[in-house]
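Values in this text are rule-based calculations from the coordinates and carry no lab data. From a predicted model like this one, the values you see are computed outputs, not experimental measurements. All Cβ positions, glycine included, derive from the backbone under ideal geometry; neighbour counts span all protein chains shown.
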Amino acid sequence: MENIVIIGNGIAGISAARHIRKLSDKRIIIVSAETDYFFSRTALMYVYMGHMKFEHIQPYENWFWEKNRIELVRAYVNSVDTKNKQLLLDGSRALNYDKLIIATGSKPNKFGWPGQDSHGAQGLYSKQDLDLLEVNAPNKDVCKRAVIVGGGLIGIELAEMLRSRDIPVTFLVRESSFWNGVLPEGESQLINEHIKEHHIDLRLSTNLKEIKADENGKVKSVIIEETGEELSCNLVGLTAGVTPNIDFLKESGIELGRGVKVNRHLETNIKDVYAIGDCAEQHDAIGNRRPIEAVWYTGRMMGETVAQTICGNRLEYKPGHWFNSAKFLDIEYQTYGWVFGKKGRPDFEQHFHWRHSIDKVCVTVAFHKETQQFLGINTFGIRMRHEIFDRWLTEERSIDYVMEHLTDANFDPEFYKQYEGEITSKYNTDFGKNIKRKRKSLKRIFQMS
Amino acid sequence: MSTYDRSMALTGQPPKQLSRNQKLATLLGFFGLAIILLAAFNVDFPNKGLWLTISLSAISVGTIWFSWDMYANKEPGIKNDGVWFKSISSQGFWGWMAGIALTGFYIILYFYPEYLGLVAKGDNKGVIGLFDPLSRALSGNPASQWFVYGTLYTVAILAFGIKFLWKYRHNRYERIRTISVMFFQTAFAFIIPELMARLNGSSVLNGGSLPYYDLKNMWPLNYYNFEGYRIKGFLSSGDIGFALLIFGIATVFIISPILTYKFGKRWYCSWVCGCGGLAETAGDSFRQLSDKTVKAWNIERWVVHSVVVFVTLMTTAVIYSYLGNDTSKYWLTKSTFLIGVAALLTTVFALVMIFKREQLQKDAKYGAIGYFVIIMALIGMHFLSGDGNVFLFKSETLRKSYSFLIGSIFSGVIGTGFYPVLGNRVWCRFGCPMAAILGFQQRLFSKFRITTNGGQCISCGNCSTYCEMGIDVRAYAQKGENIVRSSCVGCGICSAVCPRGVLKLENGPLKGRIDSNQVLLGNDVDLMNLVNQK
């Protein structure tokens, strides 16, 4: 019987294991140094905030693994010997494999700031990081102020977490507006305002120069690059992005870039070794996607794909239309298709932007200047139906069509205030159009004919 | 190790503490409760009307003040910070204390009302005496333990309803739903029946007197609705009484199936029902305590469906026992009735087996067992007795045990008393036969479902954690499947707490509603097909 070993029990590794089990009787072993059981990494924040206990963020009950004959090994993989098809665990034990799947995810970036390894300076990625945060910032008396460095998704989550315990937060963001490398200006502005509403001290265009520690090596303050200002604090959150967690592979002969280099079949340069999830790096980017995608659902999809390949149906990794979502404090964000911020926006991409006068709700629609083809949509404070936008993107609909049928795509709970009328009429005004918005049709939504 | 472990340390400081306003509000609320408690120890208040008003106002204002301080100065949004750090909402010390206090209250209420001051002949004393002025103002009669309970119940739904409205002020579905349960409790469960009692003996009712009737309370939740004394009451009260009896039957067989078909059982369980109303308002802080394991689900299905079998048999036996044998006196006789019940059950069973067999899968077997038990019992009833015996049990014994075991112990003592320990929908989930019947309709004959939004789920678990019915919502959402579960009461909280906009309660076409082959969008078409292969 073939021995499949998976390093990493995150969404990618677990998806691979589940689908290999669905398709075959192969022996499956998952090695993880982080936790005994799979948990949802994206939900770690809710444990700190007291919304859930750690056991709640484990999607499967503990009996699930034995029942499905998925063996779980709690160990750290020191190195991979691809010649002998062997892993070294905890510096002592060896584990043989016939096929190896690397799904080790990422680790927080550290950019060589002086003092970055002091006690109280930490990232937020793993279960261990969460436990460390409980030590560094259990409450506002132990942690009198926190400084967060890096204005991305993890940064704002960490800010929300700390605010849930009333810890004062200063948020240092390198960009001139929050996450404006990704978000168009209007949206980024909306989030800036919302961050301040939550009494977070947002400092834009501000970089960290240095972290200062006291005589015990504990963080006591940070120095700001631009002004030289010294901010005293007890926690420094380092949330300036993540990098693939692949140091243990350096001597293995597996081709590495920033991540583990893979082809479209998720195969590495060495036979029977695959890499999936956050740690995998495509030789060539797929469409507008980045070569390394640290996104929940791409991890899941790579796991499903590699399971097919390993079970004898060699398959290319072909992600569909881009989509994603996040939540910025109280504002939900969804995106379908491509809407670029200033950075990297192609010349043909034009935007239509609408924002409600009072509510924190806005929409940006991207379309092709010449062909009028709909390219993508960002929504803040409105939920949209994935299936509908996926269909419209496939059908290459025009922006006029999207505006006409926008109500079909709404996914907000029943009785919610509808903004589609306002959106369409602003579109008509902005572009001198005369689109009549159609009423919601279950027939169209569910494609009943 | 995370906080909920750490906060056990004596030196540690829990991250959530009451603010000064919250402490004062708690004090005020407990002052209101203390008046009732003092009355229970027979402290004789001079001006009962005034003291009752002070007490109920203090409880309401205390609750509302507390929630105002909790939510008013925060941005609209999900407010679950620290839920698992507070001892009251995480099965901690205060949770258990509250559970014990509530359970004790229910035991006294159901079994020892004399301790609350009920006096059969003469003026009430104690707590019940305190409530006399209000009862006289409404119905003209002195209060009973049930009036006291009804009043406190309504106050709880209104005060905690306001808390809920604040907490979910960003969510219109939750707001409208909550206003609905507050309205139905106040008007239908509390005021209308009391006012109706004023009509008793009047010419409008031909001098008859109606049984106490909460119109929205259907059989089998209202398991006693067709008992002999009530039928007599209805029939003695002229056209109005007859109309109410017909309405009672129509709610079960016509109105509820139609509404459940269109909207799912939520139209009742989380919009109208009083049990649901209390669970959604006063019980909201305990929704996360429901057990989500597969084991709990198995227990739930066996227990709740056994209650349905029990209540069906009990009601049939009771009606059977008071019907006659003579067709010339009244068209409905013992045997016509039994045949009618058997025919109805057979029709339902046959229709389900013919048209919905696929969707039931292995549950079909259990359905068949339940059906078989009832039919055998009906046959036994016919041949073994003239008095509605079911096997060896008299119908009266059956009625009494149902009333004691299910009506009192299950729905009250365990169902509500254990809110802080087992979650706020223990009764609705494990015990309520009404919920089971509506759930059966919802599963098989309804447009309602919770739609999963393609591939957006991140398996975070908020939906499952905050599902009061213990449904593992995430298990469906992360596979891209719709959630079509008979137990779902449609409270909408899973959708509200979802950080990624994945869940939507909606009424849509029947085709593709229960679709175990739902695809996760984002995958390319080939992979979807492969992943969906079974």
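Per the Kirkwood formula applied to alpha carbons, the stretch B:445-532 shows a radius of gyration over Rh ratio, Rg over Rh, of 0.96. Directionally averaged projected area (the protein assembly as shown, Cα convex hull): 46.2 nm². Entry note, the protein assembly as shown: the mean residue ellipticity at 222 nm calculated from DSSP H runs of n ≥ 4, each adding -39500 (n - 2.57), is -12500 deg cm²/dmol after division by the residues and rounding to the nearest 500.
What percentage of all Cα-Cα pairs in the stretch A:386-449 are separated by more than 18 Å?
Numbers: 769 of 2016 pairs.
Across the stretch A:386-449, Cα pairs with separations above 18 Å total 38 percent.
Positive end of the dipole of the stretch B:239-303 (Cβ unit charges, origin at the Cα centre): among B:A296, B:F253, B:G264, the Cα lying farthest that way belongs to B:A296.
Please give the direction-averaged projected area of the C-alpha convex hull for the stretch B:39-118, in square nanometres with one decimal. Numbers along the way, then the final one.
Numbers: hull surface 30.4 nm².
Value for the stretch B:39-118: 7.6 nm².
For the stretch A:290-357, the share of alpha carbon pairs falling in successive 5 Å distance bins from zero is 3, 11, 16, 20, 16, 13, 9, 6, 4, 1, 0, 0 percent.
The Kirkwood hydrodynamic radius of the stretch B:125-200, based on inverse pair distances between different Cα atoms, is 13.4 Å. Inter-label distance, A:E61 to B:L351: 3.4 nm, where each label sits 7 Å from its Cα along the C-beta direction.
If R0 equals 60 Å, the separation of the Cβ atoms of B:F41 and B:M376 corresponds to a calculated FRET efficiency of about 0.70.
Kirkwood radius, the stretch A:121-240, all distinct C-alpha pairs, inverse of mean reciprocal distance: 14.4 Å. Here is the list for the stretch A:117-160: trypsin sites (Lys or Arg not before Pro) lying in DSSP coil, each with at most 15 other C-beta atoms within 10 angstrom of its C-beta, are A:K144. Working note: Cα gyration tensor of the stretch A:3-75, eigenvalues times five, square-rooted, sorted largest first, giving semi-axes of 24, 12, 10 Å. Counted residue by residue at 0.36 nm each, then reduced by the alpha carbon distance between them, the extension gain from B:N507 to B:K121 reaches 133.6 nm.
If you put +1 on each Lys and Arg Cβ and -1 on each Asp and Glu Cβ, how big is the dipole of the stretch B:445-532 around its Cα centre, in Debye rounded to 20?
Numbers: 9 positive and 7 negative charges, 49 e Å.
Rounded to the nearest 20 debye, it is 240 debye.
Panel note: the C-alpha atoms of chain A, placed on their principal axes, show extents of 71, 62, 40 Å (largest first). What is the distance in Å between the Cα centres of the stretch A:43-81 and the stretch B:230-309? Going from one Cα centre to the other spans 39 Å. Placing unit charges on the Cβ atoms of the charged side chains and taking the dipole of the protein assembly as shown about its Cα centre, the candidate lying farthest along the positive direction among B:F190, A:A33, B:V484 is B:F190.
A straight Cα-to-Cα reach below 16 Å connects A:K369 with the aspartates and glutamates A:D347, A:E349, A:E396, A:D400, A:D430, residues fewer than 8 places away in its own chain not being considered. Could you give me D for the stretch B:64-103, from Stokes-Einstein at 37 °C and 0.692 mPa s, where the hydrodynamic radius is the Kirkwood radius over C-alpha pairs? Units µm² s⁻¹, please. The Stokes-Einstein estimate is 282 µm²/s. Across the alpha-carbon set of the stretch B:179-234, the Rg to Rh ratio works out to 1.02, Rh being the Kirkwood radius. Dipole magnitude for the protein assembly as shown: computed about the Cα centre from +1 point charges on Lys and Arg Cβ and -1 point charges on Asp and Glu Cβ, it is near 1980 debye. With both labels modelled 7 Å from their Cα along Cα-to-Cβ, the A:N434 to A:T394 distance reads 3.5 nm.
Can you say what percent of the DSSP beta bridges in chain A, counting only those with both residues inside, are antiparallel? Round to 5. List each step's numbers first, then the result.
On the way: 47 of 81 bridges.
Of those bridges, close to 60 percent are antiparallel.
So what is the diffusion coefficient of chain B in µm² per second by Stokes-Einstein at 20 °C and 1.002 mPa s, using a Kirkwood Rh over Cα pairs?
Values: Rh = 25.2 Å.
Rounded, D is 85 µm²/s.
When DSSP assigns beta bridges and you keep just the ones with both residues in the protein assembly as shown, what percent turn out antiparallel, to the nearest 5? In the protein assembly as shown, approximately 60 percent of DSSP beta bridges are antiparallel ones. Listed by chain and number, the lysines whose alpha-carbon sits under 19 Å from that of B:K125, ignoring those within fewer than 8 places in the same chain, are B:K48.
Each label was represented as a point 7 Å from its Cα along the Cα-to-Cβ direction; for B:L27 and A:K209 these points are 5.1 nm apart. Note on the stretch B:291-444: Rg/Rh from Cα positions, Kirkwood definition for Rh, rounded to two decimals, is 1.02.
Placing a label point 7 Å from the Cα of B:D526 along the Cα-to-Cβ direction, the residues of the stretch A:264-294 with a backbone N closer than 11 Å are A:265.
Across the stretch A:323-445, the volume of the C-alpha convex hull divided among the residues equals 115 Å³ per residue. Distant-in-sequence amide contacts of A:K212, defined by a placed amide H-H separation under 5 Å and a gap of 5 or more residues or a different chain, comprise A:K220, A:S221, A:V222, A:I223.
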